[in-house]
Structure formats: C-alpha cells, structure tokens
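The values are calculated or read from the model by the stated rules, or taken from the named source; none is laboratory data. This one's a predicted model, so the numbers in the text were calculated from it and none came from an experiment. Using ideal geometry, Cβ is built from the backbone for each residue, glycine included, and neighbour counts are taken over all protein chains shown. SASA here: full protein model, heavy atoms, side chains in, ligands and nucleic acids out. Shrake-Rupley method; radii C 1.70, N 1.55, O 1.52, S 1.80 Å.
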Amino acid sequence: MREKGIPVTPTSFLNLQKALHMGLIHTLDDFYTSARSILIKNERHFDTYDQVFAHEFKGIAFTEPNTAELSDLARSLLQEWLKNPADLARALGVDEKELAKYSPEDLLQYFLDRLKEQDGEHHGGSKWIGTGGTSPVGHSGYHPGGMRVGGVSRNKSAIKVAMDRRYQDYAQDGPLTEAQIGEALKRLRRMTPTGPKDMVNVDKTIHQTMRNAGEVEIIFDRRLTDRLKVILMIDNGGWSMEPYIHVVKTLFNYARSQFKDLKIRYFHNTIYDQVWSDPQRIHQAELIDDFIRRDPETRIIFVGDASMAPYELSHPHGAIYIDQRQAMPSINRLKFLARTFRHAVWLNPQAENTWRATRTIAAVGDIFPMFELSLDGLEKAVMRLMSRN
C-alpha cells in the first residue's frame, strides 16, 4: 500500500497484527474490512486500497498441491516464519525450545511431514494444519503470511467487493465533484465574530450559571461570518481549455455559492493589462494596475492550463487579440500580481505529468505555486493559501 501512496503507519500495521494474533479475524472478508478500518485513515485512499487488495489476493491457488509444490510451500513458509521462532512454535503447537534443537533442514522436513501425514482433520483453531482456522497453513482461513493448502475458497467475496471499486469517486485521481471541492475549499473560510452580540453562547451560559451557583446568566456573542476575500481568475478562452470546461464549471459553481466576498474575473491564456467581469470578455474590464488598491490579504486563485505560445507571455505585444495593446509583457503583469498578493496559487487542469512538455507552464509555475486541479492538488493549494508565509 505504501508503494501506491497510502500512508500506512507502523502503529496501524501493528494494530492489525494484534487483531490477527488475537484471533479476531477468521476469513478474508473479515481481513478486508478490518485492514481497511485499521490501516486507512482517509476515504480518498479507499479506492487504492481496493485495487491493492484485489491485486494481492486474486489468483490464490485452489487445487491440491503436488509433492514439489508442497516442498516449495514448506520452504517458503519456513523462510518467512523462522524470522520469528516464537510465532512459528505457537502456530505449529510445539515448544519453542524443542524447535531450537532443529536445524533448518530438519525444520523443513518436519513441516513437510506435517503437511503430508495429518492423522485427522482439524477445523478451526490455530495450532494445526487444517481448515477455517488461523494456522499459517490450511485453506479457507487466514493468517498473516499464511499459505493455502488445497480446499475450495469461501473467501472470494472480499476480492469481488474490492474489484467493484465502490469508492472510486473518493479517489484523488478521480473526477472532481462539487462535494469534494466543497470539502477542500471550506477550509479557506476565515470565520471572525462581527456585528452585535445577539447570539446565545450555550457553553459559556452554562459555565457562568454554574459559577453563579445556579442563577441563570445568559452570555451573548457576535455571529461568526466569513471575512475572507477571494478573486477567482478563470481562463475561459481557446480550444486548449475546452476539455476542462466541466471541472472548471464545477469549481466556479461551488465558489460562487460559497464565498461571501468573491470576485470572478476572466482572461484568455494569460494576464495582460486588464481582466473582465463578463465571460465574453467584452464589457466590464478592470485594469490590472487597479488591483493595487485591493486588500493584499485577498486570496487569488488562477484557473488555466498556462499553455500558449512563448511570445504571448514574454513579448511586449504578445496578445493574440489585435484590440489588446498592452503596455508591458504579460509575464511582468503576473509578477506584479504575485508581489501584490502573497496568497496566490495557479490551478492547472492538465495532468501534472504533462507539464514538462509546455515551456510556458514552467514559466508561470516559477511565478505562482502551481497545483493540478484534482482533489489532491486542490487540497494542497488550499493549504498554501491559508499559510502565513
């Protein structure tokens, strides 16, 4: 799971081992649910967990092994379990001191004999090779590091559940939904008390009443309101942004309904001398020079693919529209905004692994912290916007 980016902690892993050791997990269904509950701390990793689980447990052998396979099984099992003789002795139901007398070859033969010459059946438990228990060998049961020895699996349902990928919508690399955007952007709120004290504070009222020996004293507080100012700059022109219209629209719709003080401005490719309040970029223009009058604590969020011809960014007359005669190169305008607003990020809807192919993406990324417009990237962008640096 760590190789796939799931941050499994050693403590969580030990807790899972403890649950297995206590005999609380008896089937693969139990293991699937318990491992996810203990190891996974965020629902965004559920889908990755399902993929890893299905990959690791799919294809378990269900046929009776032959002699060669039993030898390989015994060798592999002992190689794994000799790392901890106490567990090996407990699993096989023998005294640890007795095992200490065996050489590796003797242990291998001993275990192979146990596989071949079972005197009777054993169903459940943990000390013999049988079925349905937690012994390191057997079938239909489960044990950490355990090997299947024949039998028909009754634990295929957990693999099927994992392969269904019911949590794909929670994945970091899945499509952004309005709920996910809301979960990330709500951390941008800066709630401060404002207005008259007209809201009852229940906790303080109870505390003060107790201090008064039962005489009721109602405590009022000011209401909490969001004082954060946000400017959302959206690149809404050109064919390169067309594939991302849906995700940008989702971000736009949530931001418009959520923030009290939100300004939305539009541009094409990059920032020149002005931006627009109307999506057609015809009327309601605002000069970039006028942004100096705004609150420097305003959060600026650029949304665009930053993909354009290099001259559009660096040339004094790089604008592709003939009616836009800018006074300075676009890159200077971007640097001006970066200096004016220390809390500014650029969200790029293109996959991050494709950014290197476009020179202008790197240039814009040198000016503003750039993040992919995904759930993971959005959360990182929010953390950057709320940092004090």
Practice item. Compute the accessible area per residue over segment 3-54, keeping the other protein chains in place, probe 1.4 Å, unit Å². Key: 53 Å²
Practice item. Within segment 308-389, list the GluC sites (Glu not before Pro) lying in a DSSP loop whose Cβ has at most 14 other Cβ atoms in a 10 Å radius. Key: none
**Study point:** Rounded FRET efficiency, nearest 0.05, which uses the C-beta distance separating Arg2 from Ser314 and R0 of 35 Å
**Key:** 0.25
Review point. Quick one: with all protein chains in place, what share of the accessible area of segment 323-389 is carbon or sulfur, to the nearest percent (1.4 Å probe)?
Key: 47 percent
Review point. How big, on average over all directions, is the shadow cast by the Cα convex hull of segment 252-376, in nm²?
Key: 8.0 nm²
**Study point:** Percent breakdown of C-alpha pair distances by 5 Å bin, ordered from the shortest bin, for segment 303-389
**Key:** 3, 14, 22, 22, 19, 12, 6, 2, 0
Review point. Where the centre of each part is set by its Cα atoms, how far does segment 318-389 sit from segment 250-314, in angstrom?
Key: 11 Å
Exercise for review: State the extension gain, in nm to one decimal, for the chain segment bounded by Lys41 and Glu105, taking 0.36 nm per residue of separation less the distance between their alpha-carbons.
Suggested key: 18.7 nm
Review point. Under a plain spin-label model, where a point goes 7 Å from the Cα along Cα-to-Cβ, how far apart in nm are Glu56 and Asp95?
Key: 3.7 nm
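Return the FRET efficiency for the residue pair Arg227, Lys249: r is the Cβ-Cβ distance, R0 is 35 Å, and the value is rounded to the nearest 0.05.
Calculated transfer efficiency: 0.85.
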Point to revise | Loop-located chymotrypsin sites (Phe, Trp or Tyr not before Pro) in segment 250-343, at most 12 other Cβ atoms within 10 Å (DSSP) | key: Tyr321
Check your understanding: Heavy-atom accessible area per residue, segment 231-357, 1.4 Å probe: how many Å²?
Key -> 50 Å²
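Quick check: residue separation of Asn212 and Ala285 times 0.36 nm, minus the Cα distance between them. What number comes out in nm? Before the final figure, lay out each step's value.
On the way: separation 73, 0.36 × 73 = 26.28 nm, distance 6.03 nm.
Length difference between fully extended and current span is 20.3 nm.
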